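Please read the structure below before turning to the comments.
The values are calculated or read from the model by the stated rules, or taken from the named source; none is laboratory data. The shown structure was predicted, so the numbers you read here are calculated from the model rather than taken from an experiment. So basically every Cβ, Gly included, is an ideal-geometry build from the backbone, and we count neighbours across all protein chains shown.
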Amino acid sequence: MTAIAPTPDVVQVDWSRALGPTGRPVVLAVSGGADSCALLDLLARDGRWPLTVWHLDHGLRSDSADDARFVAARGAGYGLTTVIERADIAALARSGKEGLEAAGRRFRYQRLGEVARQVSANTVCTAHHRDDQAETVLHHILRGAGDRGLAGMAERRPLAPGIDLVRPLLGWPRLALTDHLVARGLEWREDPTNRDQRLTRNHLRHSVLRDIELACPGFSEELAAYAQGRRLAFTASSASAKPLIDRWRSDQIVPVAELRATPAEARAAFWLAALEHLGLEPDRGRLRRLDDLINGPGGRSFRLGSWLFRRRYDTPAKAILVAVAT
């Protein structure tokens, strides 16, 4: 369908392609920020899919409860079921020996999959947009994620068995979404931590990409378009690795011999899918350690976030790679 234009340039979103047959339940992740509020408004007004709004009160700011109340009221205003969940993300990060962002992302995606299953939804929607895609690709480049990192975020990826994570707004710029809310007279919440440039992503967003855009207008759009092209190439590589990827998503176990025998491009696709499934960001160091783990002697292990990767022997002649939550 064609969404209501927030500006004279009509922005088109093929909701049917993104969400599948009408009438199927969909879970929306809504933070209360402009992006997710725009997604919520567009889909609630469309009305062809039963929506469940899910919000995480992460407890990381003194006003996080205000965000939760805002989302609850906004969801109720549309007549939608709204699930507000509270979690101590700081405690989860400490126990998992990982950063706040990684712990929050892992918890959110885990719970979104569980909520989707509870409401019989096979689609979870997030409001990632074109500027997020550009930031992600640039961040991957700086972290040394290599060619596979240039693929950026997928518009659709498996979140849990039978449930997909969908990002239908990857073609929309951030400005179009805020313009839509202004035109509709809708408020949104601002997270002050999004302005903290001590955080890498915020620095990329507010300083690096802004300066590049001033020198090269349209850079973010071109970078996002390049990521889409790389994602298509990456998808082709993923096809040959699909049996291994499916097995990993099932129980985080894969035979080392099969992984070693997989062509380099397909193995790279497997590593990216494996890390993404566990809520881990790819970078050069992590990818090198994973390759070393399957190519070196057995009995070794190392930790990534809250996951312990181990190479062990299922039988005396059969080595397997295992990831165990700790």
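Evaluating S250 against the criteria (1) modelled with pLDDT of 80 or more; (2) polar (S, T, N, Q); (3) surrounded by fewer than 20 Cβ atoms within 10 Å (Cβ to Cβ); (4) touching a helix residue (DSSP H, G or I) at 6+ places or on another chain (Cβ under 9 Å) leaves one unmet condition, (4). Filtering L100, L43, L56, L51 for residues that are surrounded by fewer than 18 Cβ atoms within 10 Å (Cβ to Cβ) and of a type outside the set (S, T, N, Q) leaves a single hit, L100. Every condition in (1) within 26 Å of C37 (Cα to Cα); (2) more than 16 Å from the chain's Cα centre (by Cα) is met by F107 except one, and the failing one is (2). Every condition in (1) surrounded by fewer than 14 Cβ atoms within 10 Å (Cβ to Cβ); (2) in a helix (DSSP H, G or I); (3) of a type in the set (D, E, K, R) holds for R61 except the one numbered (2).
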